[in-house]
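The values are calculated or read from the model by the stated rules, or taken from the named source; none is laboratory data. Remember, it's a predicted structure, so these values are computed and weren't measured experimentally. Using ideal geometry, Cβ is built from the backbone for each residue, glycine included, and neighbour counts are taken over all protein chains shown. Side chains included, ligands, DNA and RNA excluded: accessible areas come from the protein's heavy atoms. Shrake-Rupley method; radii C 1.70, N 1.55, O 1.52, S 1.80 Å.
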Amino acid sequence: MDNWDEIRTAYQVARKGTVSGAAEVLGVHHATVIRHVDALEERLGVKLFQRHARGYTPTEAGHDLLQVAQVTDEQFDQLAGRLRGQGAAMTGDLVVTTVEAIAPLLIPALAAFQHDHPELAVRLVSDQRLFRLEYGEAHVAVRAGNRPDEPDNVVQELYVQRSALFATRAYVDAHGPLDLEGDFSGHRFVGPSDESHRASFFQWLRQTVPASRIGFRASGILGTVNAVEAGAGIGFAPLWYAADRPDLVELVPSRPDWDVALWLVTHVDLHRSAKVQGCTARLKAAAATWP
């Protein structure tokens, strides 16, 4: 009784009355139908059908088994319908993961998406750890850097984040403009606590500015940006971040080698679900308006 395929085959033989009719419904060869019925009868030790020229007629034991099979088949159909409905529903959890520095960029779009779908619970998880979409740890990931290459993931370019060197107006008034051809002796800079940080602009800073001129270090991009806003020195800020902060003065415009690509990543098994499609569409629409 542990092989549903054989029971389902027997059920279809009973419904159709012939091996060929059951084979057509199941999409298998008629020899497979015969093999399933024979194996099931042998396993149960009882005849389920009387064979005759016009086809198969259930025995009393066959009727008993097939009544259960009919109920089970209907329950599987109902379950399949509910599961398909879940795929089309804007309900339950929607987990989005990204790095902390990008979270403020995503929050307005995600908040608007949740507002439009109040039965959806959005969870934004900011973490340096790479969440495994294939294990169901998140529905959508926004990743920075090189194009992700994990198998079974759908990867789309979302945005190119451009950064420039900024300082506060008070800093510029006190120290003047920045000359990249000079010795930087009249300036101080803000850098990352992790001197091996992989961001391309931090690598440029390490290669270009003497360590003695980096007077303040902070963890991560948001930490260094906050230090720049506090007047600690010159440092990098994404253009989208600086756009709403008039006290930040751009000292060196963005350069292509400081750009960071953002990637929208979903798993192939969930990519077509309604809430994942809706979320990714909302993020792409928002990205088209970002500086």
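Give the long-range amide H neighbours of GLY215: residues separated by 5 or more places, or on another chain, with amide H under 5 Å away, using H modelled in the peptide plane at 1.01 Å from N.
Residues meeting the amide H criterion: PHE189.
Could you please state how large a percent of the accessible area of the stretch 18-58 is carbon and sulfur, counting protein chains only and using a 1.4 Å probe? Each step should come with its number before you reach the end.
Values: 1320 of 2520 Å².
On the stretch 18-58, the fraction of accessible area on carbon and sulfur atoms equals 52 percent.
If you take every DSSP beta bridge fully contained in the chain, what fraction is antiparallel? Give it as a percent rounded to 5. Show your work: numbers first, answer last.
Details: 25 of 40 bridges.
Antiparallel bridges: around 60 percent, rounded to the nearest 5.
Net charge within 12 Å of LEU178 by Cβ-Cβ distance, Lys/Arg positive one each and Asp/Glu negative one each, not counting LEU178 itself?
With Lys, Arg at +1 and Asp, Glu at -1, the net is -2.
Express the carbon and sulfur contribution to the solvent-accessible surface of the stretch 143-266 as a percent, rounded to the nearest whole number, probe 1.4 angstrom.
On the way: 2870 of 6030 Å².
In the stretch 143-266, the share of accessible area belonging to carbon and sulfur is 48 percent.
Quick one: dipole size for the chain, taken about the Cα centre, charges +1 on Lys/Arg Cβ and -1 on Asp/Glu Cβ, in debye to the nearest 20. Kindly include the intermediate steps, with their values, before the conclusion.
Details: 28 positive and 36 negative charges, 61 e Å.
Dipole of the chain, to the nearest 20 debye: 300 debye.
Across every pair of different alpha-carbon atoms, what Kirkwood hydrodynamic radius in Å does the stretch 178-257 reach?
Details: mean 1/r = 0.0777 Å⁻¹.
For the stretch 178-257, the Kirkwood estimate is 12.9 Å.
Quick check: the distance between the Cα centres of the stretch 1-76 and the stretch 164-225, to the nearest angstrom?
A separation of 76 Å, based on Cα centres.
Ignoring ligands, DNA and RNA, what accessible area per residue does the stretch 174-291 give at 1.4 Å, in Å²? Walk me through the numbers on the way to the answer.
Numbers: 5670 Å² over 118 residues.
Heavy-atom SASA per residue in the stretch 174-291 reads 48 Å².
Output the Cα-based Rg and Dmax of the chain in Å, rounding Rg to one decimal and Dmax to a whole number.
That works out to 31.4, 103 Å for Rg and Dmax.
Could you run the Karplus curve 6.51 cos²θ - 1.76 cosθ + 1.60 with θ = phi - 60° over the stretch 65-74 and give me ³J(HN,Hα) per residue in whole Hz, x for Gly and Pro?
Residue by residue, the stretch 65-74 yields 5, 6, 5, 5, 4, 5, 4, 5, 4, 5 Hz.
For a quick check of your reading of the filter: which GluC sites (Glu not before Pro) in the stretch 151-251 sit in a DSSP loop and have no more than 14 other Cβ atoms within 10 Å?
Numbers: sites: GLU157, GLU181, GLU195, GLU229, GLU250; in loops: GLU181, GLU195.
For GluC sites (Glu not before Pro) across the stretch 151-251 that sit outside H, G, I, E and B with at most 14 neighbouring Cβ atoms in 10 Å, the list reads GLU181, GLU195.
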